[in-house]
Amino acid sequence: MEGSGSDSSHFIRDGGDDKHLQTCFVLSRSGTTASSSKSPKSKRKAECEGHKAGKILCGLPPLLEHEHPLYGKWRMEAFTCVWSRMEAIIKDVLAEQNTDTFEEIQQWIHSSFSADLQSKLICSVKDKSITATCSHLVVKQLDTALVFIRNVEFVDDQNTFKELGSYLKSHNCHVANLTPREFSSKSGVGGCVHSLLKQTVMIIPDTADMDILASWHHEPTNRKHPVAIIIEDVERCNSSILAEFIIMLSEWVVQIPLVLVMGMATTVDALRKLLPSRAIHHLHPQRFNLKYPLERLEAFIIAVMIESFCGFDIGFEVAKFLYTNFLRQDGTATSFLRALKIACMEHFYCEPLSFLCKELFENSSQADWDELCKALPEVMLKYAADLPSVKAQLKCKDEEIGVNLATALLDIKKRKQNWSMVLMCLYETGKYAKIRLIDIFCEALCPLSSSNSNKSGQKEDDGKTSSTYRSRNPDIHNSNCSDMTKGKFIGLVIRKLRELPLPSLAGVLQEWEKLTEGMTEINNEVKTLQSIVEPVFYGYKCECNSAGIKGKCELRGKLSNMEEGLDNASDGVTTISDGDSTGLSQAAKTTAEEQLSRSSSCVFSTRRGDFKSANEMAVNFLERMV
């Protein structure tokens, strides 16, 4: 059945009964005259009939020949499910990253509040003249938290200050959030005070009067908590209105424990340029820093792409594009996440079997996957047979493709877990070489780098590993890896591991032990390495301490003997000048120190040999994993 102006008709089964088959017409904007000539009344009638008949579910267009429209609907549902999981993880990461800064601000606010209470208590027991002096001093200082977002763009922190307000409310603070809109020349300071009263006193007053806030705060239930006024993106506020607002607040600091929290995008100099000196004079600032965008980006990658299984991963080309775009554009994590969502959407739009991603969260048994994959249409099984992961499972052409597809899908989680573990081990080691996670992550996704990096720390790759990898991955020749991603960073990590001193090596192995928990065989190998390194490390420390004490005693004895000899020589030989005798004495001391150094090197030679062998064992272990 064809509709006017439609290329094809789609049948969506809503339930398992044929009675619920409905027709969904896909109409283009440049429709025919017949389709566009319908009156608005008839269109509304058709819409009402559609809503009465049932909910019309829209899906993605078909990708294979004779593909049922239901698969497009399932792909759309799978995308919604996968991205909602990723988005939930991202929100948790953002909240966790800001919590440390929020806690610092909260502690600072309460410490300032306690200090003000103590000063008022001291002034209250003195005479009136001292009280007036104290009030005069306090009125000029308004405690101000300058929260720097570490980026010119404010887009990453649109909800940060709302979350800060909620956090402070949950920690016994009265909070009011003000935006640059309240600091407009049209509404003046009255608009700021009006919004402040609305959020704290919870009333809409006829007049914007700070006496209302003072009376409200003097009530027994309210006076125990400070009032935090959060101003988002201060640099976008009207400077004259902001300055007047600050001066007004400073006049009420004695009666109300007010604290300002100001969001800053750039530096303190911007505040000096924005406000006149008479307003800045009333501020008592304290600096707080949010995370850098690159730190947030790496936290997202660890949480979403490495530690979690969301049913969607990106390849090297996508990762390289996202990272390059992040560096060259505005440098915000928000733009990176927006691009990541587009990449995720494109995957479900272009891959016919992507609807199975949703099943990865629900089905875990081999029997369920076998049943599901065997029931797929023939056209989809043919498409699946060309996938590299399914080809690797096929031993002969007569094998069932559905069973091999099920095995490959079940193997995804295990492979991801192992890959993530190795990547985090590389990252923990790379910290000692100041290598960023994003560089290791992009390089690990590059097929060429994974075959070359394990030998780059010692010698050039002999080509065997590369040829083996290419035989398993025929599309590797089409990979467009740049020179900067062919084993550079992973090779640096391996070289750094070879050069690490014993204390750092012991610390790396401790992190490896945590990362390999749940992987019995690998975890046992790490513990074996620890059993070799720790005795050498602690034995080396003991020998250093004992030899250091002994060496000091020997050095003192040698120096005292040499000084006595020099004194005797100076008594017998009067032609030596004071400068020459001083030089001879210094040379004698240097000789004694060199002798002590040589003796110490002999004592530690055995331990250093053990130290090098321990490093080589750790390098061999990491290379085998890579």
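The numbers here are math on the coordinates, done by the rules we state, and not lab data. The structure displayed is predicted, hence computed values, not measured ones. Heads up, the Cβs are rebuilt from the backbone with ideal geometry, glycines too, and the neighbour counts pull from every protein chain shown.
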* **Exposure proxy ranking, count of Cβ atoms within 10 Å, fewest first, for Leu197, Leu327** => Leu327, Leu197
* Sorted by average packing, counted as other Cβ atoms within 10 angstrom per residue and highest first, what order do 70-80, 103-113 take? -> 70-80, 103-113
* Structure fact -> Mean Cβ-within-10 Å packing, highest first, puts peptides 86-98, 166-178 in the order 166-178, 86-98
* Quick one: which of 437-444, 370-377, 311-318 comes out on top by average Cβ neighbours within 10 Å, and what's the full order, highest first? -> 437-444, 311-318, 370-377
* For the stretch 425-439, in order, what is each residue's ³J(HN,Hα) by Karplus, 6.51 cos²θ - 1.76 cosθ + 1.60 with θ = phi - 60°, in whole Hz (x at glycine and Pro)? -> 5, 5, 5, 4, 6, x, 4, 6, 9, 6, 9, 6, 4, 4, 5
* Asked: Residue-wise, which Karplus ³J(HN,Hα) couplings in Hz belong to the stretch 258-264, taking 6.51 cos²θ - 1.76 cosθ + 1.60, θ = phi - 60°, and x for glycine or proline?
  -> 8, 9, 9, 10, 10, x, 10
* Residues whose placed amide H lies under 5 Å from that of Asn289, excluding near-sequence neighbours -> Phe148
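Which value, in debye to the nearest 20, describes the size of the charge dipole of the stretch 97-292 about its Cα centre when Lys and Arg Cβ atoms bear +1, Asp and Glu Cβ atoms bear -1, and nothing else is charged?
340
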